[in-house]
Number of protein chains: 4
Amino acid sequence: MTSPSLTAPGLTPPDIVRCAYLELVVTDLAASREFYVDILGLTVTYEDENAIYLRPLEEFIHHNLVLRLGPVAAAAALAFRVRTPDDVDRAEAYYQAMGCRTERRADGFVRGIGDSVRVTDPLGFPYEFFYAVEHVERLAWRYELHTPGALVRLDHFNQVTPDVPKGIEYLEGVGFRVTEDIEDEDGVVYAAWLHRKDTVHDTALTGGPGPRLHHIAFSTHEKHNILAICDKLGALRRSDAIERGPGRHGVSNAFYLYIRDPDGHRVEIYTQDYYTGDPDNPVVTWDVHDNQRRDWWGNPVVPSWYTDASLVLDLDGQPVALAERDEPSEMAVTIGADGFSYTREGDTEAGFKLGGQL
Amino acid sequence: MTSPSLTAPGLTPPDIVRCAYLELVVTDLAASREFYVDILGLTVTYEDENAIYLRPLEEFIHHNLVLRLGPVAAAAALAFRVRTPDDVDRAEAYYQAMGCRTERRADGFVRGIGDSVRVTDPLGFPYEFFYAVEHVERLAWRYELHTPGALVRLDHFNQVTPDVPKGIEYLEGVGFRVTEDIEDEDGVVYAAWLHRKDTVHDTALTGGPGPRLHHIAFSTHEKHNILAICDKLGALRRSDAIERGPGRHGVSNAFYLYIRDPDGHRVEIYTQDYYTGDPDNPVVTWDVHDNQRRDWWGNPVVPSWYTDASLVLDLDGQPVALAERDEPSEMAVTIGADGFSYTREGDTEAGFKLGGQL
Amino acid sequence: MTSPSLTAPGLTPPDIVRCAYLELVVTDLAASREFYVDILGLTVTYEDENAIYLRPLEEFIHHNLVLRLGPVAAAAALAFRVRTPDDVDRAEAYYQAMGCRTERRADGFVRGIGDSVRVTDPLGFPYEFFYAVEHVERLAWRYELHTPGALVRLDHFNQVTPDVPKGIEYLEGVGFRVTEDIEDEDGVVYAAWLHRKDTVHDTALTGGPGPRLHHIAFSTHEKHNILAICDKLGALRRSDAIERGPGRHGVSNAFYLYIRDPDGHRVEIYTQDYYTGDPDNPVVTWDVHDNQRRDWWGNPVVPSWYTDASLVLDLDGQPVALAERDEPSEMAVTIGADGFSYTREGDTEAGFKLGGQL
Amino acid sequence: MTSPSLTAPGLTPPDIVRCAYLELVVTDLAASREFYVDILGLTVTYEDENAIYLRPLEEFIHHNLVLRLGPVAAAAALAFRVRTPDDVDRAEAYYQAMGCRTERRADGFVRGIGDSVRVTDPLGFPYEFFYAVEHVERLAWRYELHTPGALVRLDHFNQVTPDVPKGIEYLEGVGFRVTEDIEDEDGVVYAAWLHRKDTVHDTALTGGPGPRLHHIAFSTHEKHNILAICDKLGALRRSDAIERGPGRHGVSNAFYLYIRDPDGHRVEIYTQDYYTGDPDNPVVTWDVHDNQRRDWWGNPVVPSWYTDASLVLDLDGQPVALAERDEPSEMAVTIGADGFSYTREGDTEAGFKLGGQL
């Protein structure tokens, strides 16, 4: 099979508004429901024995997350909303021009969504583009439904792909712009953040064997909401769902927490990055050896955060085979015997932190 | 003089990115500096004996507020950033086609800004459009500079104009979209909120004698930041600068505070409205008699908040004469002997609250 | 009938640990349950058709609030815990020596409480003293039960009495100590705060017709918890339950909110006063004309807050007749035509605030 | 030398009010000043070339921390305030009766403190007891001085001692009461928390080679204040001062952060434990294998937190020699190859967390 091109010169890409929903295959719907509804407090727009459609409190489109029962835990689609119905046509044409497989469904692939196109993109990810969507109540003012850890918005996706610069080239072609990245002194790019809406990202590319979904992120209004999720997980004796954090990111400047759902899918809870909507928004490049790049407080990134991610499905619903990364891994160059990170440029010794003791 | 048209059919309006800065004439620069720098903690990008250029912590363009010394306290310009240099041309052509007076300056009207056009818009306001701007350090990560009441962004302007539907027609012509409004049962529109960036507004129209500037709003990350500003004003025995709030808005769902600077210019501190970037973002219409529309907790809107606003200047620097509003005022229909607001639809009596006792 | 003495010289008073519970008569138990349980989130320790026993999340004694169904809304008992069983004997002897009516019940007056004595104190209030109490689960770690407005402790009572210095003399006799008070230039005392535990107060005396209960106060951990209660009341269209605040007290430095239950009983939500446990804790005296004494931000105290309070019952369950205050009322000397408050000492004019416009 | 007794039967111990101040020897006064004043924002009551006297915002006694320049980093005194001047006599007599060395100084050992007695206690720690103290301004209302990470009170000390039950016996003799402890299935006690004021502790005993000072803790009002300290350390490229946390304790239920000063002295920032003032406050015992006992979210305790602590000085200013712990160490039984902790009772496997990967 010929690889698709990374761009479709001469064609107008779809005008992507934002990341809009994730279709996630889970292997135990009841366990997932407990996690996303009972613990995280997402609102059920619709559910049946095969799927649960969920949204956070400020969302007015039908859902931001579909949990679909299936045999293999995986991400079935990363869906983006486009500005007009015509942009679905543009998306279909653009991806076909790149040589990507596409599938168009006038009635959508899932409930609540209308005319959509799904593609296997040049990186192997199942992307969807849609405009038509059922509106539901925006629960922003319904404070009687809010919980201490209230999730209010879908913020972003994060994807694992072997070759980050290649991914950037492709995503810039469809209109994304880079806000931040992590590089080393040789110009190796370890990760990049790209946006459409006015935040640091709608998706990010993390260097590693891919295509895989690294995580989906929901946002809260305040930092204490994120701490409340941790407290509740502790109270439920589910603290082992906490993988990393809470902490302050260097990249994005947001406050964060990473947790793992019953299938191991990773969810980030995220708040307070900055406005990026200006056309000349400054790009921030971080040194991979800067120990504050991923956690501003220098707390260690756990190995599983680097190594684990969710499979993605092709348009036939089969897991996509992984390609390895050729360049060094961020974990190798920063943790333990193979790597070193500094707190201050010029530092040569690790400190007493757990990360320095591995 | 012929009134300008409200639109310029056939012409492409400028692609406005966001509200970007306010030029404010103050009568005592030292007193204003104390207020905006020492108390509110805005960062000085530049200052001399005639003007101070200020920005909040996450801003990367030269300034969001210019305090210029002058004889009469007034707003000299409400400036919007456009997407490309060509959009300045488009703005100039568009406003000229409406019959508005315009003035173009290749080097900008103030420091830090390049090629700009200022106009007297169809509502009598001094609007400016620019693309070129000097970049400065985004202080987001500089936590050693943050204060308990840290302001992080410019959020919006709010303008007083007699005829709100007329204002909406004009602003929709240049690309703004309404997110929320306040109406009565007869269809009288008392106020409307309009946006370009992904928030509830870049500017709002408040019905009343105009053109006047009702306020400029800066945002914080969390609600406690706003409370900290109140606490500090109390500690400095400046609590009489607090005009209204803190409270939760019905409109926008944001948490807010209104304070008044030494010249009486009103500043709002604001946080946590919702995402509005989708093309079909639902419009919320509030009943003017709903006592939770402006304060979700039903706390009273003080009369001065309705009656006071800042003069605006024409392109010669002269205060623009005010036109009265023909329709009823929101204050008259909601407060005291002339008006009534309900907590629950169908309520017929005011309660023990101060608003019910005026 | 002879008035009781204010002290019992030569007798050892009981060693009072803290304010412990309030027995409150309500006229509609279902309506009160909705308010205290569904809205405020207090935990039901026990309930039947006549009474509901409630506690906040960090309490380990059986209850801090008893809602008892009755014909007249009133406070039936303000109960204090004492350090040892013998202190109940001391309390009985001490109040009898003052000439107060007392009633002792080995099995307590309410569920969950053992050997107790109730008294009609020299100010006419129904005080109770007990040591023996049933322990229940302290829910501090049960974060799955926490709500955005989580109440964690009973903080204090506040009582209305005509003669504040007389009340202070009596309460100091039983071991309370003053932490703050409000006076005028002639030495008139308008209110005083007195404590046993290490906070600003276990009870306060507010000058006015009495004996009446001004309010009971529960505390939260953070300020946003209090704001969440307001937001929820708005969402339930119950914002008219908000009487005053939220705001920052001058007295106590705490963040506060006053709400009214379905019978009009006042509840304060309160957080973050200071430690007072040292024997020489400095007393803070506020000028009654200082506009920041009751709200640090200078927001107006609503008249109802001064005028309304709950009746209290005698040991036969009958409402106690009120005695008027001889000295000026705080409301008269501070609000509107009769009064004046300053923001800065020496100020002679009120500002644009609502308080200045009454 | 004969060991002192653990109690002095028949003698009345001093009535201890609270932990009051720590005298800490530091080796670089300028570096310590930067840490405690510039970064943490403690207020300087007095300073000269040999010492700095510091207090947090709500303190009204002269200081809670003395930094004294000296050749060896160590804790010179853990000082407690007593209720009356006579309690200093009682302390002296009590410790002498136990066979402890004591030293009395009518003018105090440090500035701002009057008549005091210092002792080498039965565990080898330098304890001080005083009543007389200079009052200074309580800065609670001085919000213009508050920082995002505002420290408001001294909360507690934490001491390392080999034999925790022995330490408990001694401290209960002088009036402390246990609130929580950590034990294993064989009854080995790893740590205990003891209080005088109405909080979880005024001091704690941590099992290990001692006598050493494990840490001193200051409290903030809210959790975001603690996060702000982390953010600021990151901004100053001092994130390696963060040793452990921020997190939620299981023990005490407080939110916490551990940082290390330039000499390696450990400082905890702490907020929101619970009220313990009732005489029958329930004791909470934690299983040493419960992975949520020290961090409710199951985040790992770093080894240095277990192994490092500050030397203490005897009354001649010489470091006290350490005695080893005979019983197993908490670190050995919980981390890595030698130990195991569970999230849920009955768990047999560690998870993906860093702590499980050591």
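Within a Cβ distance under 9 Å of C:ASP202, other residues only, what is the Lys/Arg minus Asp/Glu net charge? Here the count lands on +2. Beta bridges per DSSP, both residues in chain A: antiparallel share near 70 percent.
Projecting label points 7 angstrom from Cα along Cα→Cβ for D:LEU236 and D:GLU349 puts them 4.4 nm apart. Each DSSP beta bridge with both residues in the stretch B:1-155 is either parallel or antiparallel, and the antiparallel ones are about 75%. For the pair the stretch D:52-84 / the stretch B:224-288, the C-alpha centres are spaced 42 Å from each other.
Counting only Cα atoms, the stretch D:1-97 measures 48, 35, 19 Å along its principal axes, largest extent leading. Residues of chain B were split at every exposed loop site, defined as GluC sites (Glu not before Pro) in a DSSP loop with at most 11 other C-beta atoms within 10 angstrom, and the longest piece left, sites excluded, is B:186-323. Between B:LEU11 and B:GLU327, the FRET efficiency from the beta-carbon distance, with R0 = 30 Å, is close to 0.50. Using only side-chain charges placed at the Cβ, +1 for Lys and Arg and -1 for Asp and Glu, the dipole size of the stretch D:15-158 relative to its Cα centre rounds to 240 debye.
When only Cα pairs under 8 Å and 6 or more residues apart are kept, what is the percent relative contact order across chain C? Result for chain C is 17 percent. Look at the alpha carbon pairs under 8 Å that are at least 6 residues apart: their mean separation over the length of the stretch B:1-75 gives a relative contact order of 36 percent.
Within chain C, no whole DSSP H helix has Cα atoms reaching 27 Å or more along its own axis together with a mean Kyte-Doolittle score of at least -1.0. Does the stretch A:216-358 classify as rounded, prolate or oblate by the C-alpha gyration tensor (a ≥ b ≥ c root eigenvalues; a/c under 1.5 gives rounded; else a/b over b/c gives prolate, otherwise oblate)? Note, shape of the stretch A:216-358 comes out rounded.
With contributions of -39500 (n - 2.57) from each DSSP H run of at least four residues, the per-residue ellipticity at 222 nm computed over the protein assembly as shown stands at -4000 deg cm²/dmol. A crude spin-label estimate for the pair D:VAL72 and C:VAL72, with each label 7 Å from Cα along the Cβ direction, gives 7.4 nm.
Taking square-rooted eigenvalues a ≥ b ≥ c of the alpha carbon gyration tensor, is chain B rounded, prolate or oblate, where a/c under 1.5 means rounded and, failing that, a/b exceeding b/c means prolate? Verdict is oblate for chain B. The local environment of B:HIS62, defined by Cβ-Cβ distances under 13 Å, has a net charge of -3 under the rule Lys, Arg +1 and Asp, Glu -1. Only alpha carbons enter this Debye calculation for the stretch A:191-240, each as an equal point scatterer, and the log10 of I(q)/I(0) it gives at q = 0.14, 0.31, 0.32 Å⁻¹ is -0.58, -1.10, -1.14.
Set the Förster radius R0 to 45 Å, insert the Cβ-Cβ distance between C:GLU172 and C:ASN50 as r into 1/(1 + (r/R0)^6), and round the FRET efficiency to 0.05. In this case the efficiency is close to 0.75.
Residues of the stretch D:81-100 with amide nitrogen under 12 Å from the 7 Å Cα-to-Cβ point of D:THR2? Under 12 Å, as judged by backbone N against the label point of D:THR2, lie D:97-100 of the stretch D:81-100. Its alpha carbons give the protein assembly as shown an Rg and a Dmax of 32.7, 105 Å. The overall shape of the stretch D:224-290, judged from the alpha-carbon gyration tensor, is prolate: a/c is not under 1.5, and a/b is greater than b/c. The trypsin sites (Lys or Arg not before Pro) of the stretch B:141-221 that DSSP puts in a loop, and whose beta carbon has at most 16 other beta carbons within 10 Å, are B:ARG142. Starting from the label point of A:ASP115 at 7 Å along Cα→Cβ, the same points in the other copies fall at 3.8, 8.4, 9.2 nm, in ascending order. Near B:VAL320, once Lys and Arg are set to +1 and Asp and Glu to -1 for all other residues with Cβ below 12 Å from its Cβ, the sum equals -1. Relative to one another, the C-alpha centroids of the stretch B:7-30 and the stretch A:313-345 are positioned 46 Å apart. If both residues of a DSSP beta bridge must be in the protein assembly as shown, then about 70% of such bridges are antiparallel.
Taken together, the values in this text are just the output of simple stated rules run on the coordinates, not laboratory data. Model, not experiment: these values are computed from the prediction. Here the Cβ is made from the backbone with ideal geometry for all residues, glycine too, and neighbour counts use every protein chain on show.
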